[in-house]
Amino acid sequence: MDKNKEIRRIGVFSSGGDAPGMNAAIRAVVRTGVYHGLDVFGIYRGYEGMIEGDIVPMSKRDVGNIIHRGGTVLKTARSERFKTSEGRKTAYEALQRHKIDGLVVIGGDGSFTGGKIFHEEYGMPIIGVPGTIDNDLYGTDYTIGFDTAVNTAVEALDRIRDTAESHNRLFLVEVMGRDTGYIALNTGIASGAGAILIPESTIDLDVLMQHLEKSGKHKKLFSLIVVAEGNENGNAQQLANEIKKRFPDYDTKVTIIGHLQRGGSPSAMDRLIASRMGYAAVESILQGHSSKMVGIQNNQINLVSFDDAINKSKEIDMLQLKMAGILSL
Ligand code: ADP
């Protein structure tokens, strides 16, 4: 790592899946850059906009009034072209035209993979900020958007609980998270679900039903089950079908929260971590770091290599799943 005094112009962009709080990160990057006397450019639509040269200068006023807004003002995209060397060459030429000599990418592991390759090919310094609702990145306790997504899901569960109270029903509520169970685990615990089904753990349907019957003895008339979309035993609808087949006495209802979890005003927590991470990203690039992701662990900012962030997996805390089972009885 060399102290890199040469960086004068940085570009910031969001890439891959959108997540609430990305705007707070963009704001932090722009204002920290301006504070350090850098010229800051916004690159629209991720790597796709970079290839097309959709790049505009951003002043600190351009990021006013966005900290509370969901989505990303710079838009986001997936770019197949950037996966080709031709596409990356075109992107590099566009950056050169604007004399951009450093990048901050807000996205997930796919975006960091692209950034790592780009750095290897062109030596372009690049720092990543973890923006994904799934919270599945190694090297950070939280990713931007996760807290908002969990809050949205918990609010939905609270509403379902209200309407469910007088029925002897099983409510299966599917939440996002791709192939990880972070959203499901946190949502399940915070909403007091009867069971939580995540991809990291297999569950026997008979054991699940016994568990619910046990709670039924205590006059519980209904049960809320949180199912992660990537659940091993199938998604919420498949599980409901299986339960209906094997336990016909149960009336099952399925709710898929879906894209509601991606939208909405970011929670205070997401605004806070996005601000800290965006600020740290600019500080890090000025200190000469590259091909690294800014993370927060034990409430401290830290840097982790793109290699580790992409390849290592963050283990879910199975003790919390066990605890959730105990608390739901
Ligand atoms: P996320 O960043 O949320 O994981 P994606 O996996 O869709 O989202 O990745 C976002 C973008 O990153 C892709 O559309 C592509 O432009 C770029 N990218 C992903 N993988 C590669 C790769 N192997 N080489 C170059 N670019 C990549």
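The values are calculated or read from the model by the stated rules, or taken from the named source; none is laboratory data. Keep in mind that what you see is a predicted model, and the values were worked out from it rather than measured. All Cβ positions, glycine included, derive from the backbone under ideal geometry; neighbour counts span all protein chains shown. Ligands, DNA and RNA are stripped out before the accessible areas are found, and what is left, the full protein with its side chains, is counted by its heavy atoms. Shrake-Rupley method; radii C 1.70, N 1.55, O 1.52, S 1.80 Å.
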Inset, instruction - Express as a percent, rounded to the nearest 5, the fraction of DSSP beta bridges in the chain (both residues included) that run antiparallel. - result: 25 percent
Legend entry - Calculated [θ] (222 nm, deg cm²/dmol) that DSSP helices of n ≥ 4 give over the chain, each run adding -39,500 (n - 2.57): -13000 deg cm²/dmol
Legend entry - Computed log₁₀ I(q)/I(0) - Debye formula, equal Cα scatterers, no solvent, the range 194-329, q 0.09, 0.10, 0.14, 0.22 Å⁻¹: -0.45, -0.54, -0.86, -1.35
Inset, instruction - Note down the accessible area of Glu242, probe 1.4 Å, to the nearest 10 Å². - result: 60 Å²
Inset, instruction - Would you give the gap between the C-alpha center of the range 170-240 and the C-alpha center of the range 23-70, rounded to a whole Å? - result: 40 Å
Inset, instruction - Kindly flag which residue pairs out of Lys83/Lys292; Lys60/Lys89; Lys245/Lys322; Lys292/Lys314 have an alpha-carbon separation exceeding 21 Å in this structure. - result: Lys60/Lys89; Lys245/Lys322
Legend entry - Residue-normalised accessible area of the chain, given per residue in Å² at a 1.4 Å probe: 45 Å²
Inset, instruction - Any chance you could check the Cα centroid distance between the range 291-325 and the range 100-168 for me, in angstrom? - result: 12 Å
Inset, instruction - Round to the nearest 10 and report in Å² the accessible area of Thr132, as given by a 1.4 Å probe over the protein chains' heavy atoms. - result: 20 Å²
Inset, instruction - Apply the Debye scattering formula to the range 10-153, with a single equal point scatterer on each alpha-carbon and no solvent, then give log10 I(q)/I(0) at q = 0.11, 0.17, 0.18, 0.22 Å⁻¹. - result: -0.37, -0.89, -0.99, -1.42
Legend entry - Neighbour cut-off at most 16 other Cβ (10 Å), DSSP loop, trypsin sites (Lys or Arg not before Pro), the range 210-284: Lys219, Lys220
Inset, instruction - With r as the distance between the Cβ atoms of Thr163 and Asp39 and R0 = 45 Å, compute the FRET efficiency 1/(1 + (r/R0)^6) and round to 0.05. - result: 0.25
Inset, instruction - Would you please classify the overall shape of the range 149-262 from the alpha carbon gyration tensor, given that a ≥ b ≥ c denote the square roots of the eigenvalues, rounded means a/c under 1.5, and beyond that prolate means a/b larger than b/c while oblate covers the rest? - result: oblate
Inset, instruction - Excluding Leu208 itself, calculate the net charge of residues whose Cβ lies under 13 Å from the Cβ of Leu208, where each Lys or Arg counts +1 and each Asp or Glu counts -1. - result: -3
Inset, instruction - Report, to the nearest whole %, how much of the accessible area of the chain belongs to carbon and sulfur atoms, 1.4 Å probe, protein only. - result: 48 percent
Inset, instruction - Go ahead and run the numbers for FRET between Ser313 and Lys83, Cβ-Cβ distance against an R0 of 22 Å, rounding to 0.05. - result: 0.45
Legend entry - Gaussian network model of the chain, springs between alpha carbon atoms under 10 Å - residue of Gly16, Gly278, Gly258 with greatest fluctuation: Gly258
Legend entry - Cα-Cα P(r), the chain, percent of pairs per 20 Å interval: 32, 47, 19, 1
Inset, instruction - Classify the range 53-138 as rounded, prolate or oblate from the Cα gyration tensor: take a ≥ b ≥ c as the square roots of its eigenvalues, call it rounded if a/c is under 1.5, otherwise prolate when a/b beats b/c and oblate if not. - result: oblate
